[in-house]
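Computed from the coordinates by the stated procedures, all read-outs in this text should not be read as laboratory data. Computed from a prediction, not measured in an experiment: that's the story for all the values here. Quick reminder, even Gly has a Cβ in these numbers, built from the backbone with ideal geometry, and neighbours come from all protein chains shown.
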């Protein structure tokens, strides 16, 4: 039996003309999504730093953690209870469901704007850049470790 590790962390097994592939772990697709979202966030924060002197520039960021948690809860069958609003009369409008299944780019508020209207804070941006870089590297290492463990198991079972 011959095996090969594919780029998207699927294992392809070939034996006597039979081709079969399966996913290493169900968490791999979430790691890959987190890695791509972290790369997008890196670009956004870098853009914020580059525009630190641009008049009226507002810093942008991406919120992907909620979307990732929601998708993981669906995959791993964890129940998260949603607090519904109480209706005191039948004529009350129901709550608006925001779609958190997709990452959203938003303007980061809460920082004082300078006289030119720019609200980029270099200290906050560099801190966020460092945190994002650490999380990106952690996701990469987790993906590598998962693949190397599975590859070691396949190599060991080949010798049996």
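With the simple spin-label model, which puts each label point 7 Å out from Cα in the Cβ direction, the residue 135 to residue 73 separation comes to 1.8 nm.
Spin-label point model (7 Å from Cα, Cβ direction): what's the residue 92 to residue 49 distance in nm? About 4.8 nm separates the two model spin labels. Inter-label distance, residue 36 to residue 107: 2.8 nm, where each label sits 7 Å from its Cα along the C-beta direction.
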